[in-house]
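Here is the structure we will look at.
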Amino acid sequence: MKKILEGIRVIDLTNVLSGPFATLHLSLLGAEVIKIENPKDGDLARKLGSKSEFNKKLMGTSFLAQNANKKSLTLNLKFPEAKEIFKKLVAVSDIVVENFRPKVMDRLGLGYDTLKDINPKIIYCAISGFGQDGPDADKPAYDQIIQGLSGVMAINGDKRLNPLRAGFPVCDTVGGLNAAFAIMAALFYRQRTGEGQFIDIAMLDSIMPLMGWVVSNWMLAGQPPQLLGNDNFTAAPSGVFRTADGVMNIAANKQEQWEDLCDLIGSPELKEDPRFKERDTRKANRFELTPILEQKLMQNNTKYWVDLFNQKGIPSGEILSLQDALEQEQLAHRNTFNQVDIPEVGRYPLFNLTAKFSKTPGYVESPPPLLGEHTNSILQMIGLTNEQIKELKDKMII
């Protein structure tokens with residue numbers, strides 16, 4: 001079955017998360033992604049993960065999570081011979097993606113201005129913490145740093161636990177998604193005009209629109225963020241509530257959902273209570289409302305209420321452990337994961353493309369590569385002989 005990015009070649013210089021997450025989506029869409037790694041130990045993510053035996057094999061779980069369908073070429077770009085190989089690859093490629101600090105590629109003599117002379121149609125995407133210019137451009141950045149500087153940590157948690165980071169590297173991940181989206185847009189532009197271009201992606205920029213409602217409330221209405229923990233600031237009742245056997249999520253965001261909920265829990269009088277009758281007054285009095293609702297909800301278990309509310313169209317759900325979340329029938333039905341045989345590791349599930357295309361679906365078709373696994377075949381593709389490849393190995397260039 002034809003793939004959306006079939007015939008597109010990507011040179012992937014990225015490490016750890018934001019960049020590899022971007023190029024993972026390109027590889028799942030069918031692009032040929034050539035991951036260029038240092039010959040010694042490759043992408044740092046190869047040594048990151050909770051299973052030390054995988055880390056020692058340079059196949060850490062962090063690496064496995066976002067490098068399926070890619071090829072690995074080892075290349076030490078500090079050598080002139082390696083730079084010439086890189087330029088030959090650029091000449092026959094469509095996209096270059098890197099997540100070094102700004103100007104690193106320029107100092108190597110491989111920046112966009114150099115590469116566009118070799119291939120005017122090249123799309124060059126640079127991912128960094130703060131962007132390629134500005135007062136903070138040269139500062140080092142990891143996800144945790146960006147979470148702090150973006151305001152994400154300041155708006156998480158409640159009065160007892162704040163600031164609070166998100167439980168996964170949200171800024172890195174969103175930066176990668178933003179990069180993948182931008183690259184696809186640049187490909188569309190190139191298809192119409194024949195022109196490549198430079199894309200500057202900053203993790204700090206990328207996370208800001210995800211806080212759009214909170215930012216808008218502050219910038220347009222002067223309303224500072226409220227530290228509500230698991231409560232949703234846009235509505236009430238909307239958050240986490242105790243039941244007889246645990247907790248559950250309820251999001252009765254519409255007026256009719258609130259009124260139906262009152263009937264279902266056997267408290268129709270709440271609909272006319274002046275503290276709770278209107279949406280905005282309910283929000284203002286949420287801390288009075290919650291214990292009243294929980295007194296009713298604790299008369300039965302979570303599953304009972306979830307089934308009852310969902311049947312009536314009131315959004316609700318269990319709060320699952322990660323293990324239980326991954327084992328949901330809905331994810332299996334959606335083919336969210338694909339079981340893959342990974343060399344040196346074994347058979348494990350990896351993410352498929354989560355966007356479901358009717359004509360051009362994207363799946364994991366090959367496992368994350370061993371370090372340098374495709375070096376010979378890629379170098380032969382650009383015309384190097386076996387003797388030349390052997391000489392590069394002897395010099396530790398590959």
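The values are calculated or read from the model by the stated rules, or taken from the named source; none is laboratory data. These numbers come from a predicted model, not from an experiment. Quick reminder, even Gly has a Cβ in these numbers, built from the backbone with ideal geometry, and neighbours come from all protein chains shown.
Quick notes
- Every residue from the stretch 383-398 that is more than 15 Å from GLU84 (Cα to Cα) and part of a helix (DSSP H, G or I): ASN386, GLU387, LYS390, LYS393, ASP394
- One residue from LEU58, LEU77, LEU64 being under 27 Å from ASP117 (Cβ atoms), among the aliphatic types (A, V, I, L, M) and either exposed (fewer than 15 other Cβ atoms within 10 Å of the Cβ) or assigned by TED's automatic domain parsing to the domain that holds LEU370 (or both): LEU77
- All positions within the stretch 212-231 that are surrounded by fewer than 18 Cβ atoms within 10 Å (Cβ to Cβ), in contact with a Gly (Cβ under 9 Å, 6 or more places away or on another chain) and either assigned by TED's automatic domain parsing to the domain that holds PRO169 or not aliphatic (A, V, I, L, M) (or both): PRO225, GLY229, ASN230
- The listed residue being part of a loop (DSSP other than H, G, I, E, B), hydrophobic (A, V, I, L, M, F, W, C), surrounded by fewer than 22 Cβ atoms within 10 Å (Cβ to Cβ) and touching a residue at least 40 places away in the same chain (Cβ under 8 Å), out of PHE130, PHE168, PHE100: PHE100
- Against the test of being in contact with a Leu (Cβ under 7 Å, 6 or more places away or on another chain), within 19 Å of ASN338 (Cβ to Cβ), of a type outside the set (S, T, N, Q) and not in a helix (DSSP H, G or I), the options VAL16, VAL33, VAL10 yield a single qualifying residue, VAL33.
- Test result for GLN380, without any contact (Cβ under 8 Å) to a residue 60 or more places away in the chain, among the polar types (S, T, N, Q), closer than 28 Å to ALA31 by Cβ and part of a helix (DSSP H, G or I): yes
- Scan of the stretch 38-51 for residues that are of a type outside the set (A, V, I, L, M, F, W, C) and surrounded by fewer than 24 Cβ atoms within 10 Å (Cβ to Cβ), ordered by number: ASN38, PRO39, LYS40, ASP41, GLY42, LYS47, GLY49, SER50, LYS51
- Among the residues making up the stretch 337-349, those that are surrounded by 12 or more Cβ atoms within 10 Å (Cβ to Cβ) and either aliphatic (A, V, I, L, M) or not in a loop (DSSP other than H, G, I, E, B) (or both) are PHE337, ASN338, VAL340, ILE342, VAL345, TYR348, PRO349.
- Selection within the stretch 255-275 - crowded, with 19+ Cβ neighbours inside 10 Å, farther than 16 Å from MET298 by Cβ and touching a residue at least 40 places away in the same chain (Cβ under 8 Å): GLN257
- Number of the exception - ALA332 against (1) in contact (Cβ under 8 Å) with a residue 24 or more places away in the chain; (2) outside any strand (DSSP E or B): (1)
- Residue check for VAL33: surrounded by 19 or more Cβ atoms within 10 Å (Cβ to Cβ), in contact with a Cys (Cβ under 8 Å, 6 or more places away or on another chain) and at pLDDT 95 or above: no
- Filtering THR173, THR193, THR234 for residues that are polar (S, T, N, Q) and touching a Leu at 6+ places or on another chain (Cβ under 8 Å) leaves a single hit, THR173.
- In the stretch 192-222, residue nearest to TYR142 (Cα to Cα) [restricted to those that are among the small types (Gly, Ala, Ser) and part of a helix (DSSP H, G or I)]: SER206
- Lone qualifier among PRO225, PRO237 - being in contact (Cβ under 8 Å) with a residue 40 or more places away in the chain and touching a strand residue (DSSP E or B) at 6+ places or on another chain (Cβ under 8 Å): PRO237
- Residue, farthest from the chain's Cα centre (by Cα), within the stretch 299-336, restricted to residues that are charged (D, E, K, R) and exposed (fewer than 13 other Cβ atoms within 10 Å of the Cβ): ASP307
- Lone qualifier among ARG242, ARG192 - being basic (Lys, Arg) and closer than 30 Å to LEU297 by Cβ: ARG242
- Members of the stretch 185-209 that are free of Cβ contacts under 8 Å to residues at least 60 places away in the same chain, farther than 23 Å from PRO135 by Cβ and among the hydrophobic types (A, V, I, L, M, F, W, C): ALA185, PHE188
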